[in-house]
Amino acid sequence: MKEKIIYQCRSCGYIAPGWIGKCPVCNEWESIEEIKSSKNQNKSKLQYLSNAKKLSDIEINKNSRYKSGIGEFNRVIGGGLIIDSVSILAAKPGSGKSTLLLELAYDYSKQGLKILYLSGEESESQIKSRALRIMPEIPDKIWLLSTNSMDLAIDAIERIDPDIVFLDSIQTFLLSEHNSKQGSPVQTVECTNKLVEIAKNPEKPKAVVIIGHMTKSDEMAGLRTLEHMVDTVLFIESDMSDDLRILLSTKNRFGRTGEIGLFRMQENGFKELKDPSDEFITRRDSDIKGSAVALIREGSRYIAVEIESLVSNSFQPYPIRIGECVNKNRLNTLIAILEQRAGIKLYDKNVIIKTTGGLDLKHQDSDLAILMSIASSVVDKPIDNKTAFVAEVGLTGELKPVKQMDQRISELQRLGYKSCYYADNGRGKIIELENFKAVPKKHITEVLKEVFDNH
């Protein structure tokens, strides 16, 4: 079989016409390496080709998903793993990627499915020790192989013929036919290619879940091609000082993108947060200053979140602005709106805000609640803890409506809230519910006046 030599950057994947000292794309020195490549290496990809069919003649298998017993995972993945799909899961080290895969392995194996767990990072004894901590018992349906060789991994898949394959992690595996180091763009892409071929085999389809590494900039390591090759891209977001874990989908060919699953990381594994609003609200017998409640939307779910603020006198030329839960530029913008449009002076005040439970406020539907929390600290008056605020606030101080307000109102009533301030869009009243007061307002000053003049 004839071989050719190509010169490729191991950092970014750039293919050069010949050896050069510095990559012109990523500017890395000594990153160009010689790779021997067979001209016939892609022929194996043709083995599963079949005749084209009419779209109307193609049947859909309604039982094409492996639904797990972990509801939060099912929510994010779209209802369960698709039988012939490839998913990639990425997170920072220590976030619980391997733990989540072992929990899924246990759950699926108890359903009678055959699981193959491939690890290129940990030994078999290390994985067994973690499994003993996580699993009540070790099922007979789970196979384990610790290796860095994709060739051995493929052989194990062919011999065991599992229903689901877990691989930890793709950057640690290599194919012998490619003369490059593990973790290089060539190895990562080609190993993923092999897994995609295996998963999409119409005779023996399999669900494959791959773990991927994260870079220092919190992006998935490797070429962006990797994200295009797989069907689903999942991330575990975590603050290592807290036990909250957020499972997020950024790509999903079989479900909604942007769905989140909420977990607490405990000694014996992940614990689902089945009632997330209860996790992000402080239960009090009386109202407190500097606290306001928002109802935010994450994916298809609504979550009530308590926003706390602390405003104090500054004795420095530049006051401190700290937003643990919100982008600093957005916080500065909201503070400017409160100063200029509502007349609340904060130029000599330190402002610190955070959310109970550490949930990030990524969308503008929490703008009004953030401003009301800050204002409560400044005027030194509490807000009724059974009142919520749901609106975007423009630079003019006007309240902007958010989507699906009727559903938000219904959820707030279900959670026990008594009232909600929202943006009056001039289209009349929204849904009316018993024992719940929905209050439409046009400007931030109207909300401030009505809320704080009652105290």
Residue among 267, 339, 306 that is open to solvent by 20 Å² or more (accessible area, probe 1.4 Å) and under 23 Å from the mean Cα position of the chain (by Cα): 267
Selection within the range 68-108 - among the acidic types (Asp, Glu) and buried (at least 21 other Cβ atoms within 10 Å of the Cβ): 72, 103
Evaluation of residue 399 against (1) open to solvent by 30 Å² or more (accessible area, probe 1.4 Å); (2) of a type outside the set (S, T, N, Q); (3) over 23 Å from residue 301 (Cβ atoms); (4) outside any helix (DSSP H, G or I) (one fails), failing number: (1)
Selection within the range 31-67 - surrounded by 12 or more Cβ atoms within 10 Å (Cβ to Cβ), assigned to a loop (DSSP other than H, G, I, E, B) and modelled with pLDDT under 70: 48
Some residue of the range 310-321 being touching an Asp or Glu at 6+ places or on another chain (Cβ under 7 Å), modelled with pLDDT of 95 or more and crowded, with 20+ Cβ neighbours inside 10 Å: no
Meets criteria (in contact with a strand residue (DSSP E or B) (Cβ under 9 Å, 6 or more places away or on another chain), surrounded by 19 or more Cβ atoms within 10 Å (Cβ to Cβ) and modelled with pLDDT of 95 or more) for residue 361: no
Residue in the range 224-231 that is assigned to a strand (DSSP E or B), open to solvent by less than 60 Å² (accessible area, probe 1.4 Å), of a type in the set (Val, Ile, Thr) and at pLDDT 90 or above present: no
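Could you list, in sequence order, the residues of the range 177-195 that are assigned to a helix (DSSP H, G or I) and either open to solvent by 30 Å² or more (accessible area, probe 1.4 Å) or not aliphatic (A, V, I, L, M) (or both)?
185, 187, 188, 190, 191, 192, 193, 194
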Counted residues, the range 301-315 - those being within 20 Å of residue 422 (Cα to Cα) and among the hydroxyl-bearing types (Ser, Thr, Tyr): 1
The range 270-303, subset aliphatic (A, V, I, L, M) and assigned to a loop (DSSP other than H, G, I, E, B), residue most open to solvent (accessible area, probe 1.4 Å): 288
Residue count for the range 69-85, restricted to those that are closer than 12 Å to residue 108 by Cα, part of a loop (DSSP other than H, G, I, E, B) and touching a strand residue (DSSP E or B) at 6+ places or on another chain (Cβ under 7 Å): 2
Selection from the range 406-428 of residues that are under 29 Å from the mean Cα position of the chain (by Cα) and open to solvent by 20 Å² or more (accessible area, probe 1.4 Å): 406, 407, 410, 411, 413, 414, 415, 416
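Just need a number here: residues in the range 383-395 that are part of a loop (DSSP other than H, G, I, E, B) and either out of contact with any strand residue (DSSP E or B) (no Cβ under 8 Å at 6 or more places or on another chain) or surrounded by 20 or more Cβ atoms within 10 Å (Cβ to Cβ) (or both).
4
The values are calculated or read from the model by the stated rules, or taken from the named source; none is laboratory data. Values in this document were obtained by computation on a predicted structure and should not be read as measured data. Ideal geometry is used to build each Cβ from the backbone, glycine not excepted, and the neighbour counts take in all protein chains shown. For the accessible areas, the whole protein counts, side chains as well, though only heavy atoms, and no ligand, DNA or RNA atoms are used. Shrake-Rupley method; radii C 1.70, N 1.55, O 1.52, S 1.80 Å.
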